[in-house]
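The values are calculated or read from the model by the stated rules, or taken from the named source; none is laboratory data. All figures in this text were calculated on a predicted structure; none of them were measured in a lab. Here Cβ is always computed from backbone atoms with ideal geometry, including for glycine, and neighbour counts include all displayed protein chains. Protein only, heavy atoms only, side chains kept; ligands, DNA and RNA dropped before computing areas. Shrake-Rupley method; radii C 1.70, N 1.55, O 1.52, S 1.80 Å.
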Amino acid sequence: MISQQILYGGDYNPEQWLDEPEILKKDVQYMKEAGINAVSMGMFSWSALEPAEDEYHLEWLEERISTLYENGIYTILATPSGARPKWLADRYPEVLRVDENRVRKLFGARHNHCYTSPVYREKVRKINMLLAERFGAHPGVILWHISNEYGGECHCPLCQKAFQEWLAGQYGSIEILNKKWWTTFWSHTYNSFDDVESPSPIGEMDCHGLNLAWKRFVTEKTADFLEAEIQALRDAGAGQPTTTNLMYDYPFLNYDRIAKSIDIVSWDSYPAWHKREDINTALDNAMQHDYMRSLKKKPFLLMESCPSATNWGKVSKLKRPGVLAAAGIQALAHGSESVLYFQIRQSRGSSEKFHGAVIDHSGRNDVRVFKEASALGAGLKGLKEILGSEVKAQAAVVYDIENRWALEDARGPRNENLYYHESVLKNYRALRNKGLNVDVIHETASLDGYRLVIAPMLYLFHDGFEEKIRTFVENGGCFVMTYWSGIVDRDDRCFLGGTPYGVMDVFGMRRTETDALYEGECNTLCPAEGSCLARDYECRNLCDLITLEGGKALMTYGSEFYQGTPAVVENSFGQGMAYYVGADAEQGFYDDFYGCLIKRTGIVPVVKGTVPQGVEVSGRTGADADYVFVQNFRNDSINIRQLELEGEILYGGSMDVLTPYESLVLRVEKR
Ligand code: GLA
Ligand code: ZN
């Protein structure tokens, strides 16, 4: 808990308005009116802070931080490394990134810097230290926001050298690297670590071991840069906690690693509302909140979200009335301690001038978005007591980024549309529809405390993951794994001797082959005798062919040359149960199947009654009370009496009906 209040506010860029004192004054007045108590500042201020090399101007920032603080508004202070001044790029070209075609970028955009460059690191260290000396003890600064949305990679000579050194540390000898990357294939054997180059479209792209290692290196380099930024703050005496803002389903960094370098996870949520059914958009966003929370299994911060329309999509649709509040409350429901926007005041020029903001170009407080933001600001005051409470889940779904890297890089059995994200989402949705809190975890997470763990398409096993499954099931857990799992090791080398590797006895089966279906083709899953499921379900995309080895078939395939063979297998192992789902089944299968498993495992949902379609139910556990969040993401009203709710209403109107996008938050006394 970094504040006694739910942090409400967002990105604020006063450096764009320093010559407009009236506007700056008005901003403070409007912020107070909207219930704003926190801003994040400084992420793109470097050229205002250091307009020429070693010429520093921090006084304007100090004035802003102090004025805001005097008005009850805290600052989340960013380090400015996300975008550097022109003089820096001109004088030290090594700070500019080199792309995968080995072309050095010109100055421009943002996030365009080499993480290895000693010059860039030194310059960042210096400005960070100055900020820390000045604001490390400022009562208005409650949190450090390190850089902004770290991302991208650099292929410059400095980075190549660093990659080679990192590989030497990882593999020990070039012989071991050659063996693990299977480089005798196509005569790609390396004689020394100095031979290895980062993947490139004009060079090597087909060595999957190399591709995986490079992605791991990029994450390590980024984490190392992030840690160096934090070290500079600490060396200059700053004690406030740190965060960095992560992105939605970002495929280029391993956030499991990045999260280890910071104190608090935060992320930027920009769902495309009203593009498809909002209940699906909401569910996908919910999964992302749960993923972020699960990185540390602790409350997180919603660092950015849009008060109305973003401006970077193909079409920038306005958020319908009520969606601003629904999105904010949804973050809290999943464990956030803040509702923050990008941005408080809309910039006047350049590429984000049409991006939504709390204060738009009209500069008025009687416009729709400002009024909605103010209403939520007022509503959040009544929710203060949820701070410190946590989302506790008895069920988890594994969504592992290294697995995704390997899965999507592999050639065969489907080279496009593997639907990994969708497959995870189907499993997640089935649990959420039953009213469960769900963690979304990496393979590295501890499985202790879960009753049910589901691992969809877990193609890559990290070292020892098979033992983790075994121990979990042996000790009474229920583990579900789906098709195309346990196929390769951490270097993307196929396991020999049968799969799913190391756990064929746990699941009581062996995968012998995997059939890929063309887009639009389907097979069926048919209940076998004694199955808890009573109807047929469609399955698509991938179908594992399975031989039983002690397990019992729950479902068999309905067609093809493997008609009648096992498709879903149940096995009791040790004190627990293991299930293997051999094909990409339709949503209804997971809904019904997890209905059976939840009963069997004794997991307790957040509410007693049945969750209506399109309604989200989540729970937070506090020291004295529990909190139940119910949200309607449908565009019609819904009767929620069937949820059998009880408790005191902290937010929202009634326990009977929720209008479109309406939310309800209840306080439930501990029994
Ligand atoms: C990201 C960035 C912000 C801003 C928003 C716009 O999240 O961090 O600086 O560009 O996108 O949506
Ligand atoms: Zn570089």
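A convex hull fitted to the Cα coordinates of region 113-230 yields 114 cubic angstrom per residue. Entry comment: accessible area of the chain is 39 Å² per residue, from protein heavy atoms only and a probe of 1.4 Å. Based on Cα atoms of region 615-669, Rg over Rh with Rh as the Kirkwood radius reads 0.97.
Gyration tensor analysis over the Cα atoms of region 438-498 returns equivalent ellipsoid semi-axes of 20, 12, 11 Å (largest first, whole Å).
Ranked by the mean number of other Cβ atoms within 10 Å per residue, highest first, peptides 255-266, 379-390 order as 255-266, 379-390. Taken about its Cα centre, the chain carries a charge dipole of about 1040 debye when Lys and Arg each add +1 at the Cβ and Asp and Glu each add -1 at the Cβ.
Just name one of 630, 501, 246: the one whose Cα is farthest towards the positive end of the charge dipole of the chain (beta-carbon charges, Lys/Arg +1, Asp/Glu -1). Value: 630. Fully extending the segment from residue 111 to residue 277, taken as 0.36 nm per residue of separation minus the present Cα-Cα distance, adds 56.4 nm. Against the empirical curve 2.2 N^0.38 Å, the C-alpha radius of gyration of region 395-601 lands at a ratio of 0.92.
Normalised by 2.2 N^0.38 Å, with N the number of residues, the alpha-carbon radius of gyration of region 43-173 equals 1.22. Within the shell defined by Cβ-Cβ distances under 11 Å, the residues around residue 407 carry a net charge of -3, with Lys and Arg each +1 and Asp and Glu each -1.
Here the accessible area of the chain is 50 percent carbon and sulfur, with a 1.4 angstrom probe and all protein chains present. For GluC sites (Glu not before Pro), no site in region 167-206 is both called loop by DSSP and has at most 14 other Cβ atoms within 10 Å.
Accessible area of residue 494 (1.4 Å probe, protein heavy atoms only, ligands and nucleic acids ignored): about 90 Å².
The sum of -39500 (n - 2.57) across all DSSP H runs of n ≥ 4, divided by the residue count of the chain, sets its helix-only mean residue ellipticity at 222 nm to -9500 deg cm²/dmol.
Taking all protein chains together and a 1.4 Å probe, the residues 156, 526 rank 526, 156 from largest to smallest accessible area.
The Cβ shell under 11 Å around residue 340 holds other residues with a net charge of -4, Lys and Arg each +1, Asp and Glu each -1. Among 330-341, 108-119, 501-512, the peptide with the highest mean count of other Cβ atoms within 10 Å heads the list, and the full ranking is 330-341, 501-512, 108-119. Radius of gyration (Cα atoms) of region 54-124, expressed as a multiple of 2.2 N^0.38 Å: 1.43. The modelled label-to-label distance between residue 252 and residue 185, using points 7 Å beyond Cα along the C-beta direction, is 2.6 nm. Expressed as a whole percent, the proportion of Cα-Cα pairs in region 183-296 lying more than 20 Å apart is 59%. Principal axis extents of the Cα atoms in region 5-66, from largest to smallest and rounded to whole angstrom, are 39, 25, 17. If R0 is 30 Å, the Cβ-Cβ spacing of residue 205 and residue 421 corresponds to a FRET efficiency of close to 0.85. For the residue pairs 161/215; 25/317; 608/670; 221/353; 275/384; 275/434, the C-alpha atoms sit more than 22 angstrom apart in 25/317; 221/353; 275/384; 275/434. Convex hull volume per residue, computed on the Cα atoms of region 526-671, equals 151 Å³.
Peptides 596-609, 65-78, ordered by how many other C-beta atoms sit within 10 Å of their residues on average, highest first, read 65-78, 596-609.
A 1.4 Å probe over all protein chains sorts 59, 53 by accessible area into 59, 53, starting with the largest.
Dipole of region 274-423 computed with +1 at Lys/Arg Cβ and -1 at Asp/Glu Cβ about the Cα centre; of 289, 303, 318, farthest Cα towards the positive end is 318.
Counted by Cβ distance under 14 Å from residue 8, the other residues give a net charge of -2, where Lys and Arg count +1 and Asp and Glu count -1.
Here is the P(r) of the chain: all C-alpha pair distances, binned every 10 Å from 0, give 3, 15, 23, 25, 20, 11, 3, 0 in whole percents.
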